[in-house]
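The structure appears below as structure tokens.
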Amino acid sequence: MIHFEKVSRVYGKAEIRTEALREVSLEVQAASFVTVVGTSGSGKTTLLNIIGGLDTDYTGKVEVASKTLKEMSDKELSQFRNKTVGFVFQHFNLLEHLNALQNVSLPAFFSGEDDKTAIERAEQVLVRVGLKDKLQSRPGQLSGGQKQRVAIARALFSRPRLILADEPTGNLDTRTGEQTIALFESLNSDDGLTVIAVTHEEFLFKNATRTIHMEDGRLVSGGPE
Ligand SMILES: Nc1ncnc2c1ncn2[C@@H]1O[C@H](COP(=O)(O)OP(=O)(O)O)[C@@H](O)[C@H]1O
Ligand SMILES: [Mg+2]
């Protein structure tokens, strides 16, 4: 599913030069559940952004879902980001004035998909994440855990095969965090999605297939495979 060969990413120049990734090589099999841990600044977000095609300013080789990201046109890359990958963030990134159905179906608005089928599909994914009763609720009417579920539903909307989650439990209490992780586990084991989750709270992800430890831009354990 994911193949990294000596991937490096440098930010800035001269005194402010930061090597965010240093020759990272990695293989991730389809349908696995991988967690990425490491201190702040170790390169976790940079790694996810490259996998998800949000950042192509790296050296080395990256293949995701059998595609070489560097060889894609802008159009292919944006299609890859919209269809192959679903992103989940720490801060949910929902629009406050839209209800759950509208937040989830928003990508369809840009792709020109028919409203009715988009809303039906949004409803399906919201039911999948356990929010059958919250379809019309706006973010301000939802708890943190529910907001994160809306965000996960939005990530699922385009039927991606890969979910990339950057500290998805960072803003949740432990119990809500556990429920959110249980949902990721189920998306992996029941729906066969590949899940890669960055986390500070390694203990929450005890059922992950594999844990990758990062330190100063390098994979210090859990590497290639
Ligand atoms: N846009 C940026 N410009 C300059 N430096 C950055 C940028 N993004 C990240 N970095 C630096 O790259 C390193 C890795 O950052 P990041 O991948 O965000 O780490 P993590 O997610 O593990 O906290 C850090 O030293 C960070 O300061
Ligand atoms: Mg980060």
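The values are calculated or read from the model by the stated rules, or taken from the named source; none is laboratory data. Not measured: the values here are computed from a predicted model. No Cβ is skipped: glycine too gets one built from the backbone with ideal geometry, and neighbour counts run over all protein chains shown.
Remarks
- Residues in the stretch 19-49 that are of a type in the set (Ser, Thr, Tyr), in a strand (DSSP E or B) and either modelled with pLDDT of 95 or more or near ligand 2 (Cβ under 10 Å from one of its atoms) (or both): Ser25 only.
- Residue that is away from ligand 1 (no atom under 14 Å from the Cβ) and either in contact (Cβ under 8 Å) with a residue 12 or more places away in the chain or loosely packed, with under 15 Cβ neighbours inside 10 Å (or both), where the choices are Thr46, Thr59: Thr59
- Taken together, Leu183, Leu164, Leu172 contain a single residue that is of a type outside the set (S, T, N, Q), more than 16 Å from ligand 1 (Cβ to nearest atom) and within 16 Å of the chain's Cα centre (by Cα), which is Leu183.
- Odd one out for Ser40, checked against (1) within 15 Å of ligand 1 (Cβ to nearest atom); (2) among the hydroxyl-bearing types (Ser, Thr, Tyr); (3) surrounded by 15 or more Cβ atoms within 10 Å (Cβ to Cβ): (3)
- Any hit, the stretch 173-183, residues being in a loop (DSSP other than H, G, I, E, B), away from ligand 2 (no atom under 16 Å from the Cβ), at pLDDT below 95 and out of contact with any helix residue (DSSP H, G or I) (no Cβ under 7 Å at 6 or more places or on another chain): yes
- Scanning the stretch 1-18 for residues that are within 14 Å of ligand 1 (Cβ to nearest atom) and closer than 23 Å to Ser66 by Cβ yields a total of 3.
- Reported count of residues in the stretch 19-36, each being more than 9 Å from ligand 1 (Cβ to nearest atom), within 30 Å of Asp191 (Cβ to Cβ) and out of contact with any Gly (no Cβ under 6 Å at 6 or more places or on another chain), is 11.
- Taking the criterion of being closer than 18 Å to Gly52 by Cα, part of a loop (DSSP other than H, G, I, E, B) and not polar (S, T, N, Q), the only residue of the stretch 193-211 that qualifies is Leu193.
- Close pairs (9 angstrom Cβ cut-off, 6 or more residues apart or separate chains): more than 17 Å from His213 (Cα to Cα) and without any contact (Cβ under 8 Å) to a residue 24 or more places away in the chain in the stretch 12-40, assigned to a loop (DSSP other than H, G, I, E, B) and within 13 Å of ligand 1 (Cβ to nearest atom) anywhere: Thr18/Gly12; Thr18/Gly41; Thr18/Gly217
- Matching residues, the stretch 55-92, being among the polar types (S, T, N, Q), in a loop (DSSP other than H, G, I, E, B) and within 18 Å of Leu156 (Cα to Cα): Gln90
- In the stretch 51-74, the qualifying residues are those that are among the hydrophobic types (A, V, I, L, M, F, W, C) and closer than 10 Å to Phe4 by Cα, and the one that is farthest from the chain's Cα centre (by Cα) is Val62.
- Check on Glu5, at pLDDT 95 or above and either more than 16 Å from ligand 2 (Cβ to nearest atom) or in contact with a Gly (Cβ under 6 Å, 6 or more places away or on another chain) (or both): yes
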